[in-house]
Amino acid sequence: MRLFLALSLVLAAAPTFAQDRLGAFVGAGVDFLDFKTGVYRIDFDGTALSLKLTTGFRFNDNISFEAYFSRSEEFSFGESGNMLPFTSPAGPIGGDVTARLTGQHETREMRVVARGPHVLAGVGYFKGKFSGTVNGTSSSYGPFSGPTSASESGMSYILGAKWDPLDRVTIRAEFEYFEMENPLSAQTLGVMFQYGFGD
């Protein structure tokens, strides 16, 4: 976090550059979503592709406000292990357990980004939602199946690099960390293409 804060200060104080168009912009990109969650006392984790859409406004050559919406492809994470017997919303589970979580995750986010000539850093606030289904079997009680969902919100932190190949076009590579309570966690690594409308 100290590195993030230091880089943000450096970027905010950086000299201006003419590559970025001021004013409104739109963009689209893809992320690799690394997602973890706990359902029925089973910890699931895996990666999935996520589509991201954005719009925003560049106030000057260093600072912009951005709004994002992203939705993952339908993913399927499998886990297995041994569990003490308990009663879940999908029925009793216990013994040797094999389970699979299938679902989607979507995120809405607002962020402020500071940019230098080739790097960027930002901080934002997000609201995320996950919904899906768990199907599995346990040696003590047999098959089980049930729906699951979770919502989360909090701060997000972004580090990245940018390139301006054309007058109005910016390509960005970004790493983003979402601050969540255990057992939920998520981070993304992706590429964003932006087009500016301003002068």
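The values are calculated or read from the model by the stated rules, or taken from the named source; none is laboratory data. Please read all numbers here as calculations on a predicted model, not as lab measurements. Using ideal geometry, Cβ is built from the backbone for each residue, glycine included, and neighbour counts are taken over all protein chains shown.
Within the stretch 2-41, take every residue that is assigned to a loop (DSSP other than H, G, I, E, B) and polar (S, T, N, Q) and give me the one that is modelled with the lowest pLDDT. Spell out how you get there, then give the answer.
At the first step, the residues of the stretch 2-41 found to be assigned to a loop (DSSP other than H, G, I, E, B) are 13-22, 40-41.
Filter again for polar (S, T, N, Q), leaving 16, 19.
Values: T16: 35, Q19: 49.
By that ranking, first place goes to T16.
Out of E109, E181, which single residue is out of contact with any strand residue (DSSP E or B) (no Cβ under 7 Å at 6 or more places or on another chain) and within 22 Å of T37 (Cβ to Cβ)? Spell out how you get there, then give the answer.
Numbers: E109 fails: out of contact with any strand residue (DSSP E or B) (no Cβ under 7 Å at 6 or more places or on another chain).
Every option except E181 fails the conditions.
Looking only at residues in the stretch 148-162 that are touching a residue at least 40 places away in the same chain (Cβ under 8 Å) and small (G, A, S), which one is surrounded by the most Cβ atoms within 10 Å (Cβ to Cβ)? First the steps, then the outcome.
Start the filter on the stretch 148-162 by keeping residues that are touching a residue at least 40 places away in the same chain (Cβ under 8 Å), which leaves 148, 150, 156-162.
So of that shortlist, the ones also small (G, A, S) come out as 150, 156, 160-161.
Details: A150: 17, S156: 24, G160: 20, A161: 13.
Across the stretch 148-162, the extreme among qualifying residues is S156.
Please work out if T107 is over 15 Å from the mean Cα position of the chain (by Cα), surrounded by 14 or more Cβ atoms within 10 Å (Cβ to Cβ) and in a strand (DSSP E or B).
Spelling it out, it is not the case that T107 is over 15 Å from the mean Cα position of the chain (by Cα), surrounded by 14 or more Cβ atoms within 10 Å (Cβ to Cβ) and in a strand (DSSP E or B).
Any residue that is over 15 Å from the mean Cα position of the chain (by Cα) and not in a loop (DSSP other than H, G, I, E, B) - is there at least one of those in the stretch 45-54?
We begin by selecting, within the stretch 45-54, every residue over 15 Å from the mean Cα position of the chain (by Cα); these are none.
No.
State whether one or more residues within the stretch 75-83 are within 30 Å of I171 (Cβ to Cβ), crowded, with 19+ Cβ neighbours inside 10 Å and under 17 Å from the mean Cα position of the chain (by Cα). Lay out the reasoning, then the answer.
Of the stretch 75-83, the ones within 30 Å of I171 (Cβ to Cβ) are 75.
If we keep only those that are crowded, with 19+ Cβ neighbours inside 10 Å as well, we get 75.
Add one more test, that the residue is under 17 Å from the mean Cα position of the chain (by Cα), and what stays is 75.
Checking the stretch 75-83: at least one residue is within 30 Å of I171 (Cβ to Cβ), crowded, with 19+ Cβ neighbours inside 10 Å and under 17 Å from the mean Cα position of the chain (by Cα).
Check whether at least one residue in the stretch 92-100 is over 20 Å from F65 (Cβ atoms) and under 19 Å from the mean Cα position of the chain (by Cα), and report yes or no.
Step one: list which residues in the stretch 92-100 are over 20 Å from F65 (Cβ atoms), which gives 92-100.
Subsequent filtering for residues that are under 19 Å from the mean Cα position of the chain (by Cα) retains none.
Taking every residue of the stretch 92-100 in turn, none turns out to be over 20 Å from F65 (Cβ atoms) and under 19 Å from the mean Cα position of the chain (by Cα).
Which residue is nearest to G81 (Cα to Cα), if the candidates are limited to the stretch 17-39 and must be out of contact with any Lys or Arg (no Cβ under 7 Å at 6 or more places or on another chain) and crowded, with 21+ Cβ neighbours inside 10 Å?
That would be V39.
Which residue, of S149, S140, is outside any strand (DSSP E or B), out of contact with any helix residue (DSSP H, G or I) (no Cβ under 6 Å at 6 or more places or on another chain) and either polar (S, T, N, Q) or more than 30 Å from A67 (Cα to Cα) (or both)? Working first, answer last.
Working: S149 fails: outside any strand (DSSP E or B).
Matching residue, one of S149, S140: S140.
Does S70 qualify as being of a type in the set (S, T, Y), crowded, with 20+ Cβ neighbours inside 10 Å, assigned to a strand (DSSP E or B) and at pLDDT 90 or above?
yes
Out of (1) touching a strand residue (DSSP E or B) at 6+ places or on another chain (Cβ under 6 Å); (2) surrounded by 14 or more Cβ atoms within 10 Å (Cβ to Cβ), the odd one out for S88 is which?
(1)
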